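Input: a single structure, listed below in structure tokens.
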Amino acid sequence: MVEDSVLTLEHLAVGYGRLVVLPDVNLSLRRGSFTGLLGANGSGKSSLLKTILGILRPLGGQIVLNPIDGRTPVLGYMPQRESLDPIYPLSGFEIVLMAACGRVGPGRFINQTEREFARQCLAETGATGFGSKLFSQLSGGQKQRVLMARALATKPDFMLLDEPTAGIDAHATRAVMEVLKQIHAQHHLTVLLVSHDLTTVRQYAEQVIWLHEGKVLHGAVGELLTPDKIEELLSLEFR
Amino acid sequence: MDTLREILGPDFLLRNSIYISLLVGLVCPLVGVYLTLRRLIFMGVALPQVSSCGIAFAFSLQAWGVIPHMHEHEHSLAFIGSTLFTLPTILLLSLLMRRGGGSVEARLGTVYVLAGAWSILLLVTNPLGEHGLLDMLKGEIISVSNADLRRTLVTFGVVVLVFFLFLKEFLLVSFDREMAITLKKNVIFWDALLFLVIGLTISMAVLSVGPLVAFGFLLIPPLIAHLFARNMLQFALIASGIGGVSAFVGFCLAYRWDYPVGPTDVALLGLIYFLSFIGKKLWLVVRKTAPEQA
């Protein structure tokens, strides 16, 4: 186990039922690090993320979330926005308020402090103006800001984001990533970002995990995302 | 106006009927909100039919001599039969839906026709209960005893209380199950509780007003509310409000013109939906063209 790591995966097997996507994942994420999780479609990026989050059961091995100040780290999750059904007439504010469910028990009502905190989170992601609007009517980039505010409103130690820049234009991508960079720096969060966008990961992440045909490459951006290494990895992808 | 004065008068004979209509009108749309949002509208068609089948089965047990006749407790017997059929069906259907695979519509369609067919078969083979039972299944809202009203009031009171207390949990597991898991919520428990409450409401509604009217109040008010709601609270309140108002106005119209109450309620809901839909479309057109003219 690496000193000061927030997450350690030991011989973790990831998949669905009998289908093993990643048979043996071993890695550690340092506290406060910003890691990009790259790989081709179907390489197991989202599956790995969901297994860490507890949404998918691991097929084998162990996931160790190391305590922070004596307590289990809180995970903030930002799902792919397409996974959320637009039929729900939820305002941006109501979406962010959902994060309070982790702290406010069943049968208890969300108090004014939590509401104020949700507003703060919206402000921090530059989404104040979207709080009163219907979430389903927001643009891709606006939705991502609201979802990021929701992840932030869980008061996380470790933020896990599933393709936050998928399907949005370059301008919105940059805006979303700048907000994430700012949050990472201000709150000293550990960030694990699933993306297929190599440029974005190279620009914002410090560490990279590259998944390819069940294998896991983990290293610093400077080492793993050099032009030669990328060419080598991409040629493997397309072979 | 005279009709209204008569209905609101203290000596109105069908007082309990109007109360029960109002209860169904106010509470069924709250349940329908979740059926609509979880895209389980077809379940709203199939389950009342299953509930009816449960009622018919419970009365058949009497006819077959399996259980003794209990005239004074017929309502309770019907409620037990309805609930025992509805709850396992809703839990099984939701489990199959969650596991994926197969066609959801085909499953619900099959349940609907089988439950419908069995209800009729059980009715025609029951020499004792055909008349009263047929009235019950048609949604005859005329003869409602104080005990029936109390039972409905208590059941719906519990339903509203559960929705009120656990609104945020029901909403979270319905809207974003994955997020709920990351927040350490027991999603299976919350799903089961939600479906239990839905099943209980449908059982009681079918018993009170019949499957057609129950489905009408489950489906149409949430569809109307969805046109206008800007958040979840508005959605629930508008749906429930429309249900309540329609139930009252429908009852008044049916009483005035001597129509059956249930179908009048549903026809009125259909008219409100049509007018709301047209109104919303017109408003959108006006809003779109207004800045251009300016």
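Within region A:54-79, being more than 14 Å from chain B (Cβ to nearest Cβ) and in contact with a Phe, Trp or Tyr (Cβ under 9 Å, 6 or more places away or on another chain) holds for A:Leu59, A:Ile68. A single entry from B:Ser174, B:Ser203 fulfils the requirement of being modelled with pLDDT under 90 and hydroxyl-bearing (Ser, Thr, Tyr): B:Ser203. Within region A:30-40, one or more residues are farther than 17 Å from A:Asp157 by Cβ and either acidic (Asp, Glu) or out of contact with any Ser or Thr (no Cβ under 9 Å at 6 or more places or on another chain) (or both).
Looking at A:Thr51, is it away from every other protein chain (no Cβ under 14 Å) and at pLDDT 95 or above? No; evaluated as a whole, the condition is false for this residue. Answer yes or no as to whether B:Leu30 is touching a Ser or Thr at 6+ places or on another chain (Cβ under 7 Å) and of a type outside the set (Asp, Glu). It is true that B:Leu30 is touching a Ser or Thr at 6+ places or on another chain (Cβ under 7 Å) and of a type outside the set (Asp, Glu). Of the residues making up region A:163-185, those that are in contact with an Asp or Glu (Cβ under 9 Å, 6 or more places away or on another chain) and not hydroxyl-bearing (Ser, Thr, Tyr) are A:Glu163, A:Ala166, A:Gly167, A:Val179, A:Gln182, A:Ile183.
Taking the listed residues A:Val208, A:Val216, A:Val191, A:Val146, the one that is in a helix (DSSP H, G or I) and either surrounded by 20 or more Cβ atoms within 10 Å (Cβ to Cβ) or aliphatic (A, V, I, L, M) (or both) is A:Val146, with no other qualifying. Only residues that are assigned to a helix (DSSP H, G or I) and surrounded by fewer than 14 Cβ atoms within 10 Å (Cβ to Cβ) were counted across region B:159-188, and they come to 3. Do we have A:Gly32 as outside any loop (DSSP other than H, G, I, E, B), touching a helix residue (DSSP H, G or I) at 6+ places or on another chain (Cβ under 9 Å) and crowded, with 16+ Cβ neighbours inside 10 Å here? So A:Gly32 does not fit the description; no. Collect the residues in region A:85-113 that are surrounded by 19 or more Cβ atoms within 10 Å (Cβ to Cβ) and under 21 Å from the mean Cα position of the chain (by Cα), keeping them in residue-number order. Selection gives A:Gly92, A:Phe93, A:Glu94, A:Ile95, A:Val96, A:Leu97, A:Met98, A:Ala99, A:Ala100, A:Cys101, A:Gly102. Residue count for region A:110-162 under the criterion of being more than 14 Å from chain B (Cβ to nearest Cβ) and aromatic (Phe, Trp, Tyr): the result is 1. Looking across region A:13-26, the residues that are within 15 Å of A:Ile63 (Cβ to Cβ) and surrounded by 19 or more Cβ atoms within 10 Å (Cβ to Cβ) come down to A:Val14, A:Gly15, A:Leu22, A:Val25. Against the list (1) away from every other protein chain (no Cβ under 14 Å); (2) within 30 Å of B:Leu223 (Cα to Cα), the condition B:Ser76 fails is (2).
Yes/no matrix, rows are residues, columns are (1) of a type in the set (D, E, K, R); (2) touching a residue at least 40 places away in the same chain (Cβ under 8 Å):
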| position | (1), (2) |
| --- | --- |
| B:Asp11 | yes, no |
| B:Asn16 | no, yes |
| B:Ser21 | no, yes |
| B:Thr36 | no, yes |
| B:Ala46 | no, yes |
| B:Val50 | no, yes |
| B:Gln62 | no, yes |
| B:Met70 | no, no |
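Can A:Glu116 be described as more than 27 Å from B:Leu193 (Cα to Cα), buried (at least 17 other Cβ atoms within 10 Å of the Cβ) and of a type in the set (Asp, Glu)? Answer is no for this residue.
Please go through region A:159-182 and pick out each residue that is surrounded by fewer than 22 Cβ atoms within 10 Å (Cβ to Cβ) and either among the hydroxyl-bearing types (Ser, Thr, Tyr) or not in a loop (DSSP other than H, G, I, E, B) (or both). Hits for region A:159-182 are A:Ala170, A:His171, A:Ala172, A:Thr173, A:Arg174, A:Ala175, A:Met177, A:Glu178, A:Val179, A:Lys181, A:Gln182. Reported count of residues in region A:9-39, each being touching a residue at least 12 places away in the same chain (Cβ under 8 Å) and out of contact with any strand residue (DSSP E or B) (no Cβ under 7 Å at 6 or more places or on another chain), is 1.
Screening B:Asn146 with (1) surrounded by fewer than 19 Cβ atoms within 10 Å (Cβ to Cβ); (2) farther than 25 Å from B:Ala56 by Cβ; (3) modelled with pLDDT of 90 or more gives one miss only, at (3). Only a single criterion out of (1) buried (at least 24 other Cβ atoms within 10 Å of the Cβ); (2) under 30 Å from B:Arg98 (Cα atoms); (3) away from every other protein chain (no Cβ under 14 Å) is not satisfied by B:Gly81, namely (1).
Answer yes or no: is there a residue in region B:3-18 that is within 30 Å of B:Val111 (Cα to Cα) and in a helix (DSSP H, G or I). No; the residues of region B:3-18 include none that is within 30 Å of B:Val111 (Cα to Cα) and in a helix (DSSP H, G or I).
For region B:159-189, a residue qualifies if it is under 16 Å from A:Leu75 (Cα atoms), more than 7 Å from chain A (Cβ to nearest Cβ) and under 27 Å from the mean Cα position of the chain (by Cα), and exactly one does: B:Arg177.
Of the residues making up region A:84-109, those that are in contact (Cβ under 8 Å) with a residue 12 or more places away in the chain and more than 7 Å from chain B (Cβ to nearest Cβ) are A:Pro86, A:Gly92, A:Phe93, A:Ile95, A:Val96, A:Leu97, A:Ala99, A:Ala100, A:Arg103.
All conditions but one from (1) under 13 Å from the mean Cα position of the chain (by Cα); (2) under 22 Å from B:Met179 (Cα atoms); (3) crowded, with 23+ Cβ neighbours inside 10 Å apply to A:Leu7; the one that does not is (1). Screening the candidates B:Val50, B:Val24, B:Val45 for the property of being buried (at least 24 other Cβ atoms within 10 Å of the Cβ), within 12 Å of the chain's Cα centre (by Cα) and either part of a helix (DSSP H, G or I) or among the small types (Gly, Ala, Ser) (or both) yields one hit, B:Val24. Every test in (1) within 14 Å of another protein chain (Cβ to nearest Cβ); (2) in contact with a helix residue (DSSP H, G or I) (Cβ under 7 Å, 6 or more places away or on another chain); (3) modelled with pLDDT under 90 is passed by B:Gly262 save one, and that test is (1).
What about B:Phe217, is it modelled with pLDDT of 90 or more, more than 14 Å from chain A (Cβ to nearest Cβ) and outside any loop (DSSP other than H, G, I, E, B)? It is true that B:Phe217 is modelled with pLDDT of 90 or more, more than 14 Å from chain A (Cβ to nearest Cβ) and outside any loop (DSSP other than H, G, I, E, B).
The values are calculated or read from the model by the stated rules, or taken from the named source; none is laboratory data. Please read all numbers here as calculations on a predicted model, not as lab measurements. Methodologically, a virtual Cβ is constructed for each residue, glycine included, from the backbone with ideal geometry; neighbour enumeration extends over all protein chains shown.
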